[in-house]
Structure formats: structure tokens, C-alpha cells
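Chemist: Supplied in C-alpha cells, the structure appears directly below.
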Amino acid sequence: MTLEQTTHPAYPMPKATGCPFDPPPELKSLQADERLAKVEIWDGSTPWLVTRFADQRALLADARVSADSTRAGYPVSIPTAPQERDSFAFILMDDPEHARLRRMVTAPFMIKRVRAMQPGVQQIVDNLIDEMLAGPKPANLVEALALPVPSLVICQLLGVPYDDHDFFQETSRMLIRLETPPAERKAAADQLSDYLDDLIGRKLAEPADDVLTELAERVRSGELTRREAAGTGILLLVAGHETTANMIALGTLALMEHPEQFAVLRDTDDPKVVARAVEELLRYLNITHRGRRRVATEDFEYAGRQIRAGDGLIFPNDVANRDPEAFDDPDVLDVERDARRHVAFGFGVHQCLGQPLARMELQVVYSTLYRRIPTLRRAVDLAEVDFKHDAQIYGVYSLPVTW
């Protein structure tokens, strides 16, 4: 039987056993044995699994590989109910439509603009740490710091009232939980869409200095529909707090499990050391464990495999960032290594728009928390930490800490 006729039951694999920071061993085995492998996913389809670092970068940048989730053969990661594609804005589109919409929200995430936000983010982090230190022990780091920091920042940037954070955090959780029934997931998406649409309407009537006002002005000028503006708002709001919140908590847990690495950040005031550590944590942890999804638009050969138009492709970036061909001792957390080439933010034209903001927030948190609370440690056994094995974005639901 040829490889093209073979299906491997290795993806997706549960992460409920073994080291909570590592990719499933089955993925590591596939990476060692086969550059591309056919796998069977939940709906019985058999997309290609691309596990190696160089192959992911090559194919994610290949114009014959599409991000358009409406194309036949696109390997949907979970059962979904029919809904408008623009509920998730431009990340599931191809150029030129993708480029048109992405361009409209690029400016707030440019490095110069993000650097100007850093003093405000520093103040948020310091205030939250003050509150945590003044409160009871143990504290839940997720609720005390990891979730509020990016939520407050993205609310200020977008112009979303932070008083509504319980609503958008809960609906976000419904969207990313693997076990959410399709009808409930659609209802959550619709609720968020209605919420953002209402905010766009308010910005049309009362403009402010924020991203939603900029989107509203695009609606007024006819460059965007209200639906497109709301969809873009959903993407920025959900991605802007879920991903960074999980990295803050999971990164802190990983550092506490590696005391010598924790000490590097605790004892430094060098921004370059902190920045390097952030890149390594992004490489080592990589919270998007369901893999980026694509579909071939035409027949072509790659690495000796014949990829057909309509073939799905899955790119599990957690295992790509542990590729020994790309990184020495890839399963070792070394915050002093140069890990900037990682694919935690993707690669190619769909590379994460918000990565400058995420990097800055992580740098502020990682350079402040361990310096201010040098004795920070887990308050429960590692086996008692509730990991997000049931979510598309990996992390922890809670992290009891003490000092």
C-alpha cells in the first residue's frame, strides 16, 4: 500500500498524557519518518499533515495553497454550522480580498504604534500585580493577571468597553471549545457579531480614537460593509485576548517548571534578554495545537508527493517548532537561544497581524512579574493544573500560585 493510500490515526492527538508542554509523540514520530503524511480527521477526510519546519514555511507561502475555508476539501478542524465566512474576517480568505481587509487594520499593530502603547501596558501590569500581592494567597494567575492584561489592552485599542469583558470572554470560550455543539458555536458567533455591529453603529454616531471608529469610518466611506467591519472586530477582539492570555499563564508555568530558566528572567533588566526569552517560549510552547488549515487549489508535486486540487493540508506548528533540523535540542527550553525563526505566528501573507502587540505584552509581563515576585511558584501539584485539552487554543484554565 502506498503512502497516498495510507491513513495515520495520529492527528489530532489528545494532549492529556505525557509532558503538557510537548507535542504528541506520534507527531514527532511522523516528523522523523515522513515529510508529508495522509491522516484521517474527525469527518473521515484525509488531508496531508505537514510536520517539518522547512516544509511548513514553504507551503504556507505557496500561492497554490489556499486559506479559503469555503473551498471544497478545506480540512475544517471541528464540526460547524453554516455561517457567514466573514464572521472570522480575513484570516479565512485569500488575496486580493484578504489583503484588502487586512490593510484596513494594519496601522494600529505597526511596531512604532505598539511601542507607544508600552508605558500604558506596563502600568496595567504593575497595577494588577499590586492587586495580586495585596490579595489572598494562593492566587489564580489566570484571573489575576493573564486574562486581564490582554483583555484590557485590546479593549482600549479597539474601543470596546471593558465592563463587557465577562460577555466577550465567555462567548470566545464557546467559539474555541472543541466540544461546543455547532448550534451553540453559531449562536455565540452571532452574539459577538451583533455586539460588534452595535459598537460599530455607536462609533458611527460618536467617533473616538480607536480601531472600531476607524472601521466605522471605512463603513461610512463604503470601503467596508457593517458585516465585514463586525467580523474584523470579532477577529481582533477574540485573537487579541485569548492567545496572549494563554501564553502568559502557560509560559509562566513552563518557567516555574524550569527554575534555571525562570532565574534568567528574574535576574535580568536587559530588554534584549527578555525579548529573546519571549521568542523561545513562543517556539517551545506554541498554543495553537490544532494546526493551521489550508487546501490546494491545483495539482502539484511536493517532496515526492502528488498533491491534488482539493486536498486539505494541516500544519501543526507545535511540532514544526520542535524540528531538530531547524533548532538544536528542540525539546529543551533555553530562553537564551535565538528562536526568532519560529512559526508560532504562522508564515507568509497570513502571518499573525497582531504579533508586535503580543510580543510587547509578553515582554512586559515576563520582565515584570518574576522580578516583582521572585519567589513565585505553583500552589498545587502539576497533575492538578487544569490544561485546555478541549480547546483550539491551548493553555490552562486556572493556575494557582503563591510566593
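Chemist: Okay, helix-only estimate at 222 nm for the chain: each DSSP H run of n ≥ 4 adds -39500 (n - 2.57), divide by all residues, round to 500 deg cm²/dmol; what do you get?
Modeler: Details: 13 runs with 183 residues, N = 403.
Helices in the chain give a 222 nm mean residue ellipticity of -14500 deg cm²/dmol.
Chemist: At a 1.4 Å probe, what is the % contribution of carbon and sulfur to the accessible area of segment 169-291? List each step's numbers first, then the result.
Modeler: Values: 2300 of 4550 Å².
Answer for segment 169-291 is 51 percent, counting heavy atoms of protein chains only.
Chemist: Taking a probe of 1.4 angstrom, what is the accessible area of Tyr195 in Å², to the nearest 10?
Modeler: Solvent-accessible area, nearest 10 Å²: 30 Å².
Chemist: In whole percent, what relative contact order does the chain give with Cα contacts below 8 Å and a gap of six or more residues?
Modeler: Details: 650 pairs, mean separation 102.3, N = 403.
Reported as a whole number, the value is 25 percent.
Chemist: To the nearest 20 debye, what charge dipole does segment 179-268 have about its Cα centre, counting +1 at the Cβ of each Lys and Arg and -1 at the Cβ of each Asp and Glu? Numbers along the way, then the final one.
Modeler: Details: 9 positive and 17 negative charges, 47 e Å.
Computed charge dipole of segment 179-268: roughly 220 debye.
Chemist: Quick one: ranking Trp48, Trp42, Trp403 by accessible area, 1.4 Å probe, largest first, what do you get? Don't skip to the answer; put the middle values down first.
Modeler: Numbers: Trp48 0, Trp42 130, Trp403 50 Å².
From most accessible down to least: Trp42, Trp403, Trp48.
Chemist: Let's see if you can work this out: charge +1 on each Lys and Arg Cβ, -1 on each Asp and Glu Cβ, no other charges. What is the dipole magnitude of segment 215-339 about its Cα centre, in debye to the nearest 20? All intermediate terms of the calculation are to be shown ahead of the outcome.
Modeler: Details: 16 positive and 24 negative charges, 196 e Å.
Charge dipole of segment 215-339: 940 debye, to the nearest 20.
Chemist: For Tyr302, list long-range residues whose amide hydrogen, built 1.01 Å from N in the peptide plane, is under 5 Å from its own amide hydrogen.
Modeler: Residues meeting the amide H criterion: Ile307.
Chemist: At 37 °C and 0.692 mPa s, what whole-number value in µm²/s does Stokes-Einstein give for the translational diffusion of the chain, with Rh from the Kirkwood sum over Cα pairs?
Modeler: On the way: Rh = 21.9 Å.
Diffusion coefficient, whole number: 150 µm²/s.
Chemist: May I pose another question? Quick one: net charge around Arg378, please, counting Lys, Arg +1 and Asp, Glu -1 for every other residue with C-beta under 15 Å from its C-beta.
Modeler: Working: positive: Lys137, Arg377; negative: Glu257, Asp381, Glu384, Asp386.
My count for the surroundings of Arg378 gives -2.
Chemist: Here's a follow-up. Considering only Phe21, Val380, Ala239, whose Cα is most displaced toward the positive end of the charge dipole of the chain, charges sitting on Cβ of Lys, Arg (+1) and Asp, Glu (-1)?
Modeler: Value: Ala239.
Chemist: Shifting gears a bit: Sorting His165, His241 by accessible area (1.4 Å probe), largest first, what list results? Write down the numbers at each step before the final one.
Modeler: On the way: His165 45, His241 0 Å².
Descending order: His165, His241.
Chemist: Can you count the Lys pairs in the chain with C-alpha separation below 26 Å, eight or more apart or on different chains?
Modeler: Final tally of qualifying lysine pairs is 10.
Chemist: Three principal axis extents, largest first, for the C-alpha atoms of segment 90-244, in Å?
Modeler: Extents along the principal axes, in whole Å: 52, 41, 30.
Chemist: For the chain, give the magnitude of the charge dipole about the Cα centre (Cβ charges: +1 Lys/Arg, -1 Asp/Glu; no others), in debye to the nearest 20. Present the calculation step by step, with values, prior to reporting the outcome.
Modeler: Details: 46 positive and 62 negative charges, 122 e Å.
Dipole magnitude for the chain comes out near 580 debye.
Chemist: Can you send over the solvent-accessible area of Val219, 1.4 Å probe, protein chains only, in Å² to the nearest 10?
Modeler: The accessible area comes out at roughly 30 Å².
Chemist: Using a 1.4 Å probe, how large is the accessible area of Arg292, given in Å² and rounded to the nearest 10?
Modeler: 50
The values are calculated or read from the model by the stated rules, or taken from the named source; none is laboratory data. Just so we're clear, the structure is a prediction, and the values are computed from it rather than from any experiment. For neighbour counting, all protein chains shown are included, and Cβ atoms are generated from backbone atoms with ideal geometry for every residue, glycine included. All accessible areas refer to the heavy atoms of the entire protein, side chains included, with ligands and DNA or RNA removed. Shrake-Rupley method; radii C 1.70, N 1.55, O 1.52, S 1.80 Å.
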